[in-house]
Amino acid sequence: MPHDHPHHDTDLDPMTARVKALETLLVGKGLVDPAAIDAIVETYAHRVGPQNGASVVARAWTDPEFAGWLARDATAAIASMGFTGRQGEHMQAVFNTDDTHNLVVCTLCSCYPWPVLGLPPVWYKSPPYRARAVREPRAVLAEFGLTLPATTRIRVWDSTAELRYLVVPQRPAGTAGWSAERLAGLVTREAMIGTGLARSPGSAP
Ligand code: FE
(Lines give C-alpha, C1' and ligand atoms only; values in the text may rest on other atoms or scores of the structure.)
Protein backbone atom coordinates (compact mmCIF):
# COMPACT_ATOMS: atom_id res chain seq x y z
CA MET A 1 0.00 0.00 0.00
CA PRO A 2 1.61 3.31 -1.06
CA HIS A 3 2.18 5.99 1.54
CA ASP A 4 2.37 9.62 0.47
CA HIS A 5 2.33 11.10 3.95
CA PRO A 6 4.87 11.10 6.77
CA HIS A 7 4.77 8.04 9.00
CA HIS A 8 3.36 8.48 12.44
CA ASP A 9 2.89 5.96 15.20
CA THR A 10 -0.74 5.74 14.16
CA ASP A 11 0.43 3.89 11.04
CA LEU A 12 1.59 1.02 13.24
CA ASP A 13 -0.57 -1.91 14.07
CA PRO A 14 -2.10 -1.53 17.53
CA MET A 15 0.22 -3.99 19.27
CA THR A 16 3.37 -2.45 17.79
CA ALA A 17 2.12 1.00 18.73
CA ARG A 18 1.46 -0.13 22.29
CA VAL A 19 4.88 -1.73 22.61
CA LYS A 20 6.51 1.39 21.22
CA ALA A 21 4.56 3.61 23.60
CA LEU A 22 5.52 1.40 26.53
CA GLU A 23 9.17 1.43 25.55
CA THR A 24 9.12 5.23 25.22
CA LEU A 25 7.57 5.51 28.67
CA LEU A 26 10.05 3.13 30.30
CA VAL A 27 13.05 4.75 28.65
CA GLY A 28 11.70 8.21 29.53
CA LYS A 29 11.44 7.24 33.18
CA GLY A 30 14.95 5.88 33.09
CA LEU A 31 13.71 2.39 33.88
CA VAL A 32 15.26 0.68 30.90
CA ASP A 33 18.25 1.30 28.70
CA PRO A 34 17.27 1.32 25.01
CA ALA A 35 20.62 -0.27 24.11
CA ALA A 36 19.78 -3.16 26.44
CA ILE A 37 16.44 -3.68 24.70
CA ASP A 38 18.17 -3.67 21.32
CA ALA A 39 20.70 -6.21 22.57
CA ILE A 40 17.97 -8.55 23.83
CA VAL A 41 16.02 -8.33 20.58
CA GLU A 42 19.18 -8.91 18.55
CA THR A 43 20.12 -11.90 20.69
CA TYR A 44 16.81 -13.72 20.37
CA ALA A 45 16.17 -12.72 16.77
CA HIS A 46 19.53 -13.80 15.38
CA ARG A 47 21.89 -15.49 17.80
CA VAL A 48 19.64 -17.82 19.77
CA GLY A 49 17.52 -20.26 17.84
CA PRO A 50 16.59 -23.89 17.27
CA GLN A 51 20.18 -24.70 16.26
CA ASN A 52 20.96 -24.63 19.99
CA GLY A 53 18.33 -27.21 20.81
CA ALA A 54 19.37 -29.26 17.79
CA SER A 55 22.90 -29.53 19.14
CA VAL A 56 21.55 -30.63 22.52
CA VAL A 57 19.42 -33.35 20.89
CA ALA A 58 22.24 -34.53 18.62
CA ARG A 59 24.58 -34.80 21.57
CA ALA A 60 22.00 -36.82 23.48
CA TRP A 61 21.74 -39.17 20.49
CA THR A 62 25.50 -39.74 20.39
CA ASP A 63 26.47 -39.56 24.05
CA PRO A 64 24.48 -41.85 26.38
CA GLU A 65 26.01 -40.30 29.46
CA PHE A 66 24.85 -36.86 28.35
CA ALA A 67 21.42 -38.26 27.48
CA GLY A 68 21.14 -39.60 31.01
CA TRP A 69 22.09 -36.24 32.46
CA LEU A 70 19.61 -34.50 30.16
CA ALA A 71 16.87 -36.83 31.41
CA ARG A 72 17.74 -36.26 35.07
CA ASP A 73 18.59 -32.56 35.08
CA ALA A 74 17.94 -30.87 31.76
CA THR A 75 18.65 -27.41 33.12
CA ALA A 76 22.21 -28.33 34.12
CA ALA A 77 22.92 -30.50 31.09
CA ILE A 78 21.78 -27.77 28.71
CA ALA A 79 23.63 -25.07 30.65
CA SER A 80 26.83 -27.13 30.32
CA MET A 81 26.63 -26.50 26.58
CA GLY A 82 26.39 -22.77 27.17
CA PHE A 83 22.66 -22.40 26.63
CA THR A 84 21.28 -20.47 29.56
CA GLY A 85 19.23 -17.41 30.21
CA ARG A 86 15.76 -16.02 30.21
CA GLN A 87 12.85 -18.42 29.83
CA GLY A 88 15.17 -21.37 30.23
CA GLU A 89 15.89 -21.29 33.94
CA HIS A 90 14.05 -24.55 34.56
CA MET A 91 14.07 -27.08 31.77
CA GLN A 92 12.77 -30.60 31.39
CA ALA A 93 13.64 -32.85 28.46
CA VAL A 94 10.95 -35.28 27.35
CA PHE A 95 12.10 -38.20 25.20
CA ASN A 96 10.04 -39.69 22.42
CA THR A 97 9.98 -43.49 22.32
CA ASP A 98 8.38 -46.13 20.13
CA ASP A 99 5.33 -45.97 22.40
CA THR A 100 5.11 -42.32 23.37
CA HIS A 101 5.19 -39.06 21.47
CA ASN A 102 5.59 -35.79 23.36
CA LEU A 103 3.99 -32.49 22.43
CA VAL A 104 4.60 -29.10 24.07
CA VAL A 105 2.13 -26.27 24.43
CA CYS A 106 1.52 -23.32 26.70
CA THR A 107 -2.21 -23.21 27.26
CA LEU A 108 -2.10 -19.97 29.27
CA CYS A 109 0.11 -17.83 27.07
CA SER A 110 3.29 -18.57 25.15
CA CYS A 111 5.91 -19.95 27.54
CA TYR A 112 8.72 -21.42 25.45
CA PRO A 113 12.34 -22.42 26.06
CA TRP A 114 14.11 -19.42 24.54
CA PRO A 115 17.75 -20.50 25.15
CA VAL A 116 17.33 -23.68 23.12
CA LEU A 117 14.65 -22.73 20.58
CA GLY A 118 14.80 -18.95 20.26
CA LEU A 119 11.52 -17.06 19.95
CA PRO A 120 8.29 -19.02 19.54
CA PRO A 121 6.66 -19.29 16.13
CA VAL A 122 3.40 -17.40 15.65
CA TRP A 123 1.29 -20.57 15.57
CA TYR A 124 2.63 -21.62 18.97
CA LYS A 125 1.19 -18.46 20.48
CA SER A 126 -2.14 -18.73 18.65
CA PRO A 127 -5.28 -19.48 20.70
CA PRO A 128 -6.35 -22.39 18.43
CA TYR A 129 -3.05 -24.24 18.92
CA ARG A 130 -3.07 -23.59 22.65
CA ALA A 131 -6.60 -24.92 23.06
CA ARG A 132 -6.56 -27.78 20.58
CA ALA A 133 -3.12 -29.23 21.39
CA VAL A 134 -4.59 -30.41 24.67
CA ARG A 135 -8.10 -31.31 23.50
CA GLU A 136 -7.32 -33.02 20.21
CA PRO A 137 -3.56 -33.44 19.87
CA ARG A 138 -3.84 -36.12 17.20
CA ALA A 139 -5.86 -33.83 14.93
CA VAL A 140 -3.41 -30.98 15.49
CA LEU A 141 -0.46 -33.21 14.63
CA ALA A 142 -2.22 -34.36 11.47
CA GLU A 143 -2.53 -30.73 10.41
CA PHE A 144 1.23 -30.43 10.82
CA GLY A 145 1.56 -33.44 8.52
CA LEU A 146 2.36 -35.86 11.31
CA THR A 147 0.17 -38.94 11.53
CA LEU A 148 1.18 -41.28 14.32
CA PRO A 149 0.11 -44.89 14.73
CA ALA A 150 -3.08 -45.18 16.78
CA THR A 151 -1.07 -47.20 19.29
CA THR A 152 1.32 -44.33 19.98
CA ARG A 153 0.43 -42.47 23.14
CA ILE A 154 0.62 -38.68 22.90
CA ARG A 155 1.69 -36.88 26.04
CA VAL A 156 0.99 -33.16 26.08
CA TRP A 157 3.17 -30.98 28.30
CA ASP A 158 1.78 -27.63 29.38
CA SER A 159 4.61 -25.11 29.81
CA THR A 160 4.60 -22.61 32.61
CA ALA A 161 6.74 -19.73 33.72
CA GLU A 162 8.44 -22.21 36.06
CA LEU A 163 9.08 -25.10 33.69
CA ARG A 164 9.85 -25.29 29.97
CA TYR A 165 10.07 -28.45 27.91
CA LEU A 166 12.36 -29.70 25.15
CA VAL A 167 11.20 -32.70 23.15
CA VAL A 168 14.00 -35.10 22.27
CA PRO A 169 12.80 -36.78 19.09
CA GLN A 170 13.89 -40.28 18.17
CA ARG A 171 17.07 -40.58 16.17
CA PRO A 172 16.22 -41.29 12.53
CA ALA A 173 17.12 -44.65 11.02
CA GLY A 174 20.02 -44.70 8.60
CA THR A 175 22.24 -42.38 10.63
CA ALA A 176 24.62 -44.89 12.22
CA GLY A 177 28.08 -43.44 12.57
CA TRP A 178 26.97 -39.85 11.95
CA SER A 179 28.67 -37.11 13.95
CA ALA A 180 26.64 -35.02 16.35
CA GLU A 181 27.20 -32.02 14.11
CA ARG A 182 25.75 -33.81 11.10
CA LEU A 183 22.86 -35.22 13.11
CA ALA A 184 21.95 -31.76 14.37
CA GLY A 185 21.01 -30.85 10.80
CA LEU A 186 18.12 -33.31 11.02
CA VAL A 187 16.63 -31.81 14.18
CA THR A 188 13.96 -29.25 13.35
CA ARG A 189 12.24 -26.77 15.63
CA GLU A 190 8.96 -28.65 15.08
CA ALA A 191 10.63 -31.90 16.18
CA MET A 192 11.66 -30.25 19.45
CA ILE A 193 8.14 -28.90 20.09
CA GLY A 194 6.63 -32.22 19.08
CA THR A 195 4.63 -31.07 16.08
CA GLY A 196 7.09 -32.95 13.88
CA LEU A 197 9.73 -35.66 13.88
CA ALA A 198 13.42 -35.41 13.15
CA ARG A 199 14.03 -35.49 9.40
CA SER A 200 15.18 -38.67 7.70
CA PRO A 201 18.57 -38.58 6.03
CA GLY A 202 18.19 -37.56 2.42
CA SER A 203 14.80 -35.88 2.91
CA ALA A 204 14.49 -32.32 1.68
CA PRO A 205 15.30 -29.73 4.36
FE1 FE B 1 2.99 -19.12 28.72
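Overview of values
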read-out: Meets criteria (more than 21 Å from Gly49 (Cα to Cα), at pLDDT below 95 and over 17 Å from the mean Cα position of the chain (by Cα)) for Ala150; value: yes
read-out: Matching residues in the stretch 41-80 - criterion: being loosely packed, with under 15 Cβ neighbours inside 10 Å, among the hydrophobic types (A, V, I, L, M, F, W, C) and in contact (Cβ under 8 Å) with a residue 24 or more places away in the chain; value: Ala45
read-out: Single residue of Tyr124, Tyr112 found to be assigned to a helix (DSSP H, G or I), under 27 Å from Asn52 (Cβ atoms), assigned by TED's automatic domain parsing to the domain that holds Thr84 and within 13 Å of the ligand (Cβ to nearest atom); value: Tyr124
read-out: Pairs with Cβ under 6 Å, 6+ apart, first in the stretch 98-117 and without any contact (Cβ under 8 Å) to a residue 24 or more places away in the chain, second more than 11 Å from the ligand (Cβ to nearest atom) and assigned to a loop (DSSP other than H, G, I, E, B); value: none
read-out: Residue within the stretch 33-53 that is in a loop (DSSP other than H, G, I, E, B) and either in contact with a Pro (Cβ under 6 Å, 6 or more places away or on another chain) or more than 27 Å from Gly185 (Cβ to Cβ) (or both) present; value: yes
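The values are calculated or read from the model by the stated rules, or taken from the named source; none is laboratory data. Everything quoted here is computed from the prediction, not taken from an experiment. As a convention, Cβ positions derive from the backbone with ideal geometry for all residues, glycine included, and neighbour counts pool all protein chains shown.
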